[in-house]
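Below is one structure, written out as structure tokens; the observations come after it.
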Amino acid sequence: MSHSHKLVIKSSVSRPPTPTPTPDANKDHQDQKPSLQEINTKFIESGEKERLKELLRERLIECGWRDEMKALCRAFTRKKGRNNVTVDDLVHVITPKGRASVPDSVKAELLHKIRTFLASNAA
Amino acid sequence: MSAPNEDNTQLSSHFFGDLLDSIIVDVASECHRIAKVGLDRNLEEEEEELRLSAQARASVADPSNSGEANNKYVVDIFGQTHPPVANEIFKCMNCGRSIAAGRFAPHLEKCMGKGRKARLKVTRSSTAAQNQYSRGSPVSTYSSYTNSTSTSRLSNGTPGFAGEEYSNGTYEGEP
């Protein structure tokens with residue numbers, strides 16, 4: 001999606017107008033920095049997000065992370081009682097430990113792939 | 001190009017966090033479902049059941065009961081006890097000995113196997129025998145089993161209920 005360098009105000013989207021580009025070395029006529037939203041859109045629409053999500057899911061299953069999380073959920077459910085548990089509860093139970101216990105290799109692999117994607121699609 | 005690189009790192013971490021959160025929600029939602037549906041039975045219940053089964057096992061393995069497995073007399077779900085070897089005694093048509101019902105099959109194996117390789121007809125006769133045994137009458141319906149002859153066939157057509165009639169006539173049972 002290429003913007004013109006002029007200010008374009010769209011009535012449907014409320015966001016600050018695209019800043020005028022600084023005279024830096026630019027490869028394309030595109031904006032120097034695609035917005036986060038654009039990148040995100042591209043991420044999703046190209047299917048890359050889904051692919052990477054599946055890859056991450058697979059890696060986390062392999063290394064036992066998922067089982068750990070399920071065990072945490074079970075322990076929590078046991079304490080709180082089966083009928084009092086909400087999905088929200090479980091998310092809050094898992095999130096801190098979950099984010100911290102992703103193996104470094106898995107994280108590195110995914111970050112590398114994301115960076116590759118960003119490099120070919122953004123700045 | 002340091003700025004874009006930094007941005008890139010931050011951005012990729014952002015996306016990674018996004019993916020991870022999404023997966024966390026998936027796991028949480030699945031565990032929630034399992035908890036609610038009761039598929040992964042609560043540890044409480046499991047502990048309770050373990051305790052009960054251990055209790056039952058302890059009471060069953062009473063020192064007053066001897067036996068090979070756990071008990072000599074196993075109590076089934078209707079409260080009936082069955083001796084490990086069936087009690088009723090029958091007379092083997094082949095050799096004329098009194099054999100316990102529970103030992104009948106192995107006995108027949110040896111009894112008939114020695115004479116000839118006449119194990120072909122055993123299946124038919126054993127179903128017939130079972131019919132008789134279920135009625136309680138100790139009449140065996142084997143007809144014309146002789147050790148010497150090569151033909152060891154049942155009486156033609158009689159499934160065994162008409163226990164008295166044998167077309168060949170040579171039988172060694174009590175009428």
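The values are calculated or read from the model by the stated rules, or taken from the named source; none is laboratory data. The structure presented is a predicted model; accordingly, all values stated were derived computationally and were not measured. Counting neighbours? That spans all protein chains shown, and the Cβs are built from the backbone with ideal geometry, glycine included.
Report, by residue number, each residue of the stretch A:79-106 that is surrounded by fewer than 16 Cβ atoms within 10 Å (Cβ to Cβ), over 21 Å from A:CYS63 (Cα atoms) and among the acidic types (Asp, Glu).
A:ASP88
Filter the stretch A:107-123 for residues that are within 8 Å of another protein chain (Cβ to nearest Cβ) and not in a loop (DSSP other than H, G, I, E, B); which is surrounded by the most Cβ atoms within 10 Å (Cβ to Cβ)? Talk me through it step by step, then tell me what you get.
Within the stretch A:107-123, the first condition is being within 8 Å of another protein chain (Cβ to nearest Cβ), and the residues that meet it are A:107, A:110-111, A:114-115, A:118-119, A:122-123.
Adding the requirement that they be not in a loop (DSSP other than H, G, I, E, B) leaves A:107, A:110-111, A:114-115, A:118-119.
Values: A:LYS107: 16, A:LEU110: 21, A:LEU111: 16, A:ILE114: 24, A:ARG115: 18, A:LEU118: 21, A:ALA119: 13.
Residue satisfying both the conditions and the ranking: A:ILE114.
Go through the stretch A:82-106 and report how many residues are assigned to a helix (DSSP H, G or I) and within 7 Å of chain B (Cβ to nearest Cβ). Step through it out loud before you land on a result.
Within the stretch A:82-106, the subset assigned to a helix (DSSP H, G or I) is A:82-84, A:87-100, A:104-106.
Pick out the ones that are also within 7 Å of chain B (Cβ to nearest Cβ) and you get A:82, A:87, A:90-91, A:94-95, A:98-99.
Qualifying residue count, the stretch A:82-106: 8.
Return yes when A:ASN40 is modelled with pLDDT of 65 or more and within 18 Å of B:ASP7 (Cβ to Cβ) and no when it is not.
The answer is yes for A:ASN40.
Kindly establish whether B:GLU6 is modelled with pLDDT under 80 and either in contact with a Leu (Cβ under 7 Å, 6 or more places away or on another chain) or farther than 30 Å from A:GLU109 by Cα (or both). Give the steps one after another, and end with the answer.
Values: modelled with pLDDT under 80: yes; either in contact with a Leu (Cβ under 7 Å, 6 or more places away or on another chain) or farther than 30 Å from A:GLU109 by Cα (or both): no.
When the stated conditions are applied, B:GLU6 does not pass them.
Which count do you get for residues in the stretch B:19-43 that are charged (D, E, K, R) and surrounded by 16 or more Cβ atoms within 10 Å (Cβ to Cβ)? Steps first, answer last, please.
Filtering the stretch B:19-43 down to residues charged (D, E, K, R) leaves B:21, B:26, B:30, B:33, B:36, B:40-41.
Restricting the remaining residues to those that are surrounded by 16 or more Cβ atoms within 10 Å (Cβ to Cβ) gives B:30, B:40.
So the answer is 2.
Can you work out which of the residues in the stretch B:86-113 that are surrounded by 12 or more Cβ atoms within 10 Å (Cβ to Cβ) and small (Gly, Ala, Ser) is modelled with the lowest pLDDT?
Among them, the one singled out is B:GLY113.
Considering only residues of the stretch A:59-71 that are at the interface with chain B (Cβ under 8 Å from one of its Cβ atoms) and among the charged types (D, E, K, R), which is nearest to B:ILE23 (Cα to Cα)?
Checked the stretch A:59-71; the qualifying residue nearest to B:ILE23 (Cα to Cα) is A:ARG66.
Take A:ILE39 and tell me if it is assigned to a helix (DSSP H, G or I), in contact (Cβ under 8 Å) with a residue 60 or more places away in the chain and not polar (S, T, N, Q). Quick ask: steps written out before the conclusion?
On the way: assigned to a helix (DSSP H, G or I): yes; in contact (Cβ under 8 Å) with a residue 60 or more places away in the chain: yes; not polar (S, T, N, Q): yes.
So A:ILE39 fits the description; yes.
With the structure loaded, tell me whether B:LYS121 is at pLDDT 55 or above and more than 22 Å from the chain's Cα centre (by Cα) or whether it fails that test.
Here the answer is no, as B:LYS121 does not meet what is asked.
For the stretch A:72-81, which residues satisfy the criterion of being under 14 Å from B:GLU30 (Cβ atoms) and facing chain B (nearest Cβ under 8 Å)?
Scanning the stretch A:72-81 gives A:CYS73, A:ARG74, A:THR77.
Out of (1) modelled with pLDDT under 90; (2) touching a helix residue (DSSP H, G or I) at 6+ places or on another chain (Cβ under 7 Å), what's the single condition that is false for A:LYS97?
The number of the failed condition is (1).
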